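Participant: Sharing a structure here in structure tokens format.
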Amino acid sequence: MNMHRLFAEQLRCATDVTGQVDLVKLGEFVSAVYEAGDRDRQRMIEVRSQTRDEVEQNLLRTREFLDTIENIPIAVFAKCAKDSRYILLNRAGEDYYGMPREQMLGERPNRSSRPTWPAWFTSRIDAS
């Protein structure tokens, strides 16, 4: 309900049968609407605050997870399921493949002409 309709409804409710407006009653109606609006705004602020806190917690957990993967002493990589492009490679993976992750990320193993890729690895990719 827009503000004009709401005010008209409040004015109608505060008017008696003789057409006189009871200003006290009208003031109570208007105050009640403002209080309801304040409660709604407060609820929205609380929801936004909770959402922000949840997002910050999820970001912290993700960073901790990625830090853990980065420091694992074995090669860890992840590929996009859609097109098999590398999307993650840890430090041990760089050592294993003998190239920096910047060169591998976004690449597909079966389309690379780099001789440093293990043959058994590319043959498995080609077979799938």
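Nothing in this text is a laboratory measurement; each read-out follows from the coordinates by a stated rule. Quantities reported herein were computed from a predicted structural model and do not represent experimental measurements. Positions of Cβ are generated from backbone atoms using ideal geometry, with glycine treated the same way; all protein chains shown enter the neighbour counts.
Participant: What is the stretch 1-41 by shape, rounded, prolate or oblate, if you read a ≥ b ≥ c off the alpha carbon gyration tensor as root eigenvalues and call it rounded for a/c under 1.5, prolate for a/b larger than b/c, and oblate otherwise?
Facilitator: oblate
Participant: Could you go through the stretch 70-82 in sequence order and give the Karplus-derived ³J(HN,Hα) for each residue, using 6.51 cos²θ - 1.76 cosθ + 1.60 with θ = phi - 60°, rounded to whole Hz, and x for Gly and Pro?
Facilitator: 4, 9, 5, x, 10, 5, 10, 9, 9, 10, 5, 5, 6
Participant: At q = 0.16, 0.19, 0.23 Å⁻¹, what is the log10 ratio I(q)/I(0) for the stretch 1-100, with the Debye formula run over Cα points and no solvent?
Facilitator: Log10 of I(q)/I(0), two decimals: -0.85, -0.97, -1.12.
Participant: Here is a further query. So which chymotrypsin sites (Phe, Trp or Tyr not before Pro) in the stretch 15-100 are both in a DSSP loop and have at most 12 other Cβ atoms within 10 Å of their Cβ?
Facilitator: The qualifying sites: there are none.
Participant: Okay, next question. Add +1 for every Lys or Arg and -1 for every Asp or Glu among the other residues with Cβ under 13 Å from the Cβ of ASP22, and state the total.
Facilitator: Net local charge, ASP22 excluded: 0.
Participant: Would you mind computing, in nm to one decimal, how far apart the modelled labels at ASN58 and LEU11 are, each placed 7 Å from Cα along Cα→Cβ?
Facilitator: The answer from the label model is 4.7 nm.
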